[in-house]
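A short reminder: the numbers here are calculations on the coordinates, not readings from a lab. Predicted model only: the values in this text are computed from it and were never measured. Positions of Cβ are backbone-derived with ideal geometry, glycine not excepted, and every protein chain shown enters the neighbour counts.
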Amino acid sequence: MTEAQRIPALPAPFSFDPGATALLVIDMQRDFLLPGGFGESLGNDVALLRTVIEPLAALIAATRAAGMPVIHTREGHLPDLSDCPPAKLERGNPSQRIGDPGRFGRILVRGEYGHDIVDELAPIEGEVVIDKPGKGAFYATELAEVLAERGIRSLIVTGVTTEVCVHTTVREANDRGYECLVVSDCVGSYFPEFQRVGLEMIAAQGGIFGWVADSAAILDALTAGLAGSATSATGSA
Ligand code: TIU
């Protein structure tokens, strides 16, 4: 076990073991984030989601430098849509459904340009990318096995959208016994009100689903941990 770190957070400081913690980056996909893409075609303002890219890029870089795993997810479906429940397929704008041709390829279909992660946050070699058919990252995926194999017990959760895929995943993770720290400036919603309330809901009632902190607080802890691990690495060599 590595030395525990503490991050100032709501509703209370978040303690975690860097050796048992992963950064989870949820659905930072072109279909949701690019101007002209699926998200915008539904009338959403993608600028609200795009504010996440810069702080999240910095957090991903710091996580990699600290030697902690970064796990990415993508929401999407097989080309024949056999993993898409009819109820999901039939919902939404009838002119822009999952599998229809969009500006960046077939909407939310695996292998299409729009389904992949934005260039600024592209996974690097060796990082796990979980393809998920649902909103939650645990449903019908290998995420639980990936975390168990790596001994991960805490998740630093980022991505989009706050009230949909981030919330669903945090709730799934919480019920499975993971401690989740949600990063307020590294999650985004098309709806400012949902962003605010979504974050409040996580930390309410003594942290009913988890903790909330901004990326600056986490960067401080990761940098301090890096300094500490450099010292202990020298000591144990
Ligand atoms: N990733 C994710 O949140 N999927 C969505 O469909 N989100 C919406 O807010 N629509």
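Computed from label points 7 Å out along Cα-Cβ, the spacing between Glu193 and Glu127 is 3.4 nm. With θ taken as phi - 60° and the Karplus curve 6.51 cos²θ - 1.76 cosθ + 1.60 applied, the whole-hertz 3J(HN,Hα) list for segment 108-113 is 6, 10, 4, x, 7, 4 Hz, x standing for glycine and proline. Backbone amide hydrogens, once placed in the peptide plane, bring Asp214 within less than 5 Å of Ser184, excluding anything fewer than 5 places away on its chain.
Fewest-first ordering of Glu127, Glu75, Glu172 by other beta carbons within 10 Å of each residue's beta carbon gives Glu127, Glu172, Glu75. Near Phe14, the amide H atoms lying under 5 Å from its own belong to Ile7, Ala9; only residues 5 or more places off or on other chains count, and H is placed 1.01 Å from N. Set the Cα radius of gyration of the chain against 2.2 N^0.38 Å, with N its number of residues, and you get 1.01.
Between the amide H of Gly102 and those of Ile107, distances stay under 5 Å, these residues lying 5 or more places away or on another chain, with hydrogens modeled in the peptide plane.
Based on Cα contacts under 8 Å between residues 6+ apart, the chain shows a relative contact order of 26 percent.
Computed about the Cα centre, the dipole magnitude for segment 1-90 is approximately 300 debye when only Lys and Arg (+1) and Asp and Glu (-1) carry charge, each at its Cβ.
Between Glu193, Glu112, Glu40, the GNM of the chain built on Cα springs shorter than 10 angstrom shows Glu193 fluctuating the most.
Sorted ascending by nearby beta carbons within 10 Å, beginning with the fewest, Ser184, Ser82 become Ser82, Ser184.
Springs join every pair of Cα atoms under 10 Å in this Gaussian network model of the chain, and among Gly198, Gly43, Gly210 the largest mean-square fluctuation is at Gly43. Helices of the chain meeting both criteria, an alpha-carbon length of 24 angstrom or more along the long axis and an average Kyte-Doolittle score not below -1.0, with helices taken as full DSSP H segments, are 215-236. DSSP bridge analysis restricted to segment 96-204 gives an antiparallel fraction near 25%, rounded to the nearest 5. Sequence-ordered 3J(HN,Hα) estimates for segment 4-15 from the Karplus curve with 6.51, -1.76 and 1.60 and θ = phi - 60° stand at 5, 10, 10, 10, x, 8, 9, x, 7, x, 9, 9 Hz, glycine and proline given as x. Across segment 69-78, computed HN-Hα scalar couplings (Karplus, 6.51 cos²θ - 1.76 cosθ + 1.60, θ = phi - 60°) run x, 10, 10, 9, 10, 9, 8, x, 9, 5 Hz from first to last residue, x flagging Gly and Pro.
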